[in-house]
Amino acid sequence: MTNTQIIEETIAFVKETLKGAEGGHDWFHIQRVFKNTLLIAKDEKVDVLVVSLGALLHDIADAKFNGGDETVGPKMAMEFLTSLEVDEKIVDHVVKIIENISYKSSLDSKKLFTSKELQVVQDADRLDAIGAIGIARAFNYGGYKNRELYNPEIAPNLQMTKEEYKKSKAPTINHFYEKLLLLKDKMNTDSGKKLAEKRHQFMLEYLKQFYEEWNGNA
């Protein structure tokens, strides 16, 4: 099977698996991350098949929708790629990307794995968490979880552990300070950093407008 065929099979698998998924973690999220991955990869020396598969499969079974179980996604990806008879080293690399890509993984001091391919896919995924799309996804997920938009009496927790992050039920606006506004400075690649800057500024402008409207000043 050629690399092109592997990617086509993977796209079909992801589309089918994520039918009916929450709007911030559906096929369109995967598609955007895939496009961003290929864009960033142009300026990096990486295995294009690995980053492509990593992007396409990174949210195949997000732990948030599987009772917090972080093993479901990697296992599903491994079984699928093995069924396509993809080279074992590539499968192993893709699985490690899925295991280590999330923001909450960066809060874990035990994290050991890194690769240029992981950095590229991670940047692409983080880009989709900020800017106009990132704002839409944050409020979509907040609505899905029936969270408050904002509560002035609940301050953001800027020192969260991985476990605290996973269990948080804070208002959506807090998520900007606990994650989204921090991503610009956590980008790995030069391309990722440049792309993140504009989206970061948009979020700052949005928050300014949000507070003005909340306080009846706009």
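We did not get these values from a lab; they are worked out from the coordinates using the rules stated. The model shown is predicted, which means the values in this text are computed figures rather than measured ones. All Cβ positions, even for glycine, are placed from backbone atoms using ideal geometry, and neighbour counts span all protein chains on display.
Exceeding 29 Å between C-alpha atoms, which entries from my cross-link table qualify? They are 89/145; 19/75; 45/208; 42/64; 19/145; 167/194.
Details: 89/145 38 Å; 19/75 19 Å; 45/208 39 Å; 42/64 31 Å; 19/145 19 Å; 167/194 32 Å.
Where the Cα-Cα span goes over 29 Å, the pairs concerned are 89/145; 45/208; 42/64; 167/194.
Can you check what the net charge comes to around residue 191, using other residues whose Cβ is under 10 Å from the Cβ of residue 191 (Lys, Arg +1; Asp, Glu -1)?
On the way: positive: 42, 193, 194; negative: 43, 44, 123, 190.
Result for the local shell: -1.
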For the chain, compute the orientation-averaged projected area of the C-alpha convex hull (one quarter of its surface), in nm². 12.2 nm²
When we measure straight from the Cα of residue 166, which aspartates and glutamates land under 14 angstrom away, once same-chain ones fewer than 8 places off are left out? 62, 69, 70, 108, 178
